[in-house]
Amino acid sequence: MSNKKTIIVISALLLIFGGIILFNHKRPLAVETLNAYISSDSVSIQAENSGKIKTLAVKQSDKVQKGQIIAEIETSKSVVKPVEPKNSHQAAEKDYENAAIMYKDGIISQEQYDNYIKNLKENQKQAEQPVNKIVYTSEVTKIYAPIDGTIVLNNLKTGDTIAKETILAKVNSSHKEINAYFSASDEDKIVTGKDVNITVIKYPKKTFSGKINSVSKPENKGIPVKITFDQDTSNFDFQNGDSVIVKIK
């Protein structure tokens, strides 16, 4: 009787274990990948003119909105401006009178008087010529954020002198997506529009939801897939290159 009970118990256990094995065998394995990272569009901000950075209104990792002031560039310019000479006619008349008196009183000779008058006329002529003066002015150009996003500075600071088209910073778009690579063996399970769960490594306790946005042809690294978040992620510190785990539901 004891042996019979033992056989029944063993048979029951075998059935249970067999059912578990069969269930796990038939249940589709979750399709996931660790070869995935966050990415976003990045737009460079260039200086429109050469000059000096007068103000830098942002710092590394600041969140900015399109149209927000990023920096002010002060450009120095030199302008040639004609300056009219001062009226020297009255002074010249006084010099002529003094020369005439000295000649009349016998202080200078006729030759000296003639040379003096000649030099006086040449000096007066030169003094009446317009003079070109270089005037220095400055112009301030404001640089604005081209898109909403996060600032990545280019190791510049206020007071630095830069050339035209120097990249002041980059703005990583606030619109984040995921680049992922899945195993080629799971190709039939990777379909555009399919829901996924996303775990960002720096937020291990938080699960995000998303959708497969596009699927490309298989490469050496696997099947390239682009995934978009279902929810707004602007309150999270997501940076380009942050590692994620993607699991297809």
Which pairs have Cβ atoms under 7 Å, sit 6 or more apart or on different chains, and link a residue in the range 51-62 that is under 13 Å from Gly149 (Cα atoms) and among the hydroxyl-bearing types (Ser, Thr, Tyr) to one that is crowded, with 16+ Cβ neighbours inside 10 Å and modelled with pLDDT under 95?
-> Ser61/Thr150; Ser61/Ile151
Before we move on, is Lys121 modelled with pLDDT of 75 or more and within 28 Å of the chain's Cα centre (by Cα)?
-> no
Of the residues that make up the range 114-123, is at least one outside the structural domain of Ile73 (by TED's automatic domain parsing) and assigned to a loop (DSSP other than H, G, I, E, B)?
-> no
Could you please give the count of residues in the range 135-167 that are within 12 Å of Gly51 (Cα to Cα) and either without any contact (Cβ under 8 Å) to a residue 12 or more places away in the chain or buried (at least 16 other Cβ atoms within 10 Å of the Cβ) (or both)?
-> 2
Right, Lys226: in contact with an Asp or Glu (Cβ under 9 Å, 6 or more places away or on another chain) and at pLDDT 95 or above or not?
-> yes
For the range 140-230, which strands (runs of 3 or more DSSP E) that fit wholly inside it have 3 or more residues that are under 30 Å from Glu74 (Cα atoms) and touching a Ser or Thr at 6+ places or on another chain (Cβ under 7 Å)?
-> 149-153, 167-182
Of all residues in the range 56-93 being among the small types (Gly, Ala, Ser) and in contact with a helix residue (DSSP H, G or I) (Cβ under 9 Å, 6 or more places away or on another chain), which is modelled with the highest pLDDT?
-> Ala92
Could we say that Ser216 is of a type outside the set (A, V, I, L, M), exposed (fewer than 15 other Cβ atoms within 10 Å of the Cβ) and free of Cβ contacts under 8 Å to residues at least 12 places away in the same chain here?
-> yes
From the options Ser214, Ser185, Ser173, residue that is hydroxyl-bearing (Ser, Thr, Tyr) and over 26 Å from Asp148 (Cβ atoms) = Ser185
Check off (1) in contact (Cβ under 8 Å) with a residue 12 or more places away in the chain; (2) over 30 Å from Glu32 (Cα atoms) for Asn119 and give me the number that stays unchecked.
-> (1)
Whichever residue in the range 228-249 is of a type in the set (S, T, N, Q) and over 11 Å from Ile212 (Cα atoms) and, among such residues, is surrounded by the fewest Cβ atoms within 10 Å (Cβ to Cβ) = Asn235
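The values are calculated or read from the model by the stated rules, or taken from the named source; none is laboratory data. The model shown is predicted, which means the values in this text are computed figures rather than measured ones. Positions of Cβ are backbone-derived with ideal geometry, glycine not excepted, and every protein chain shown enters the neighbour counts.
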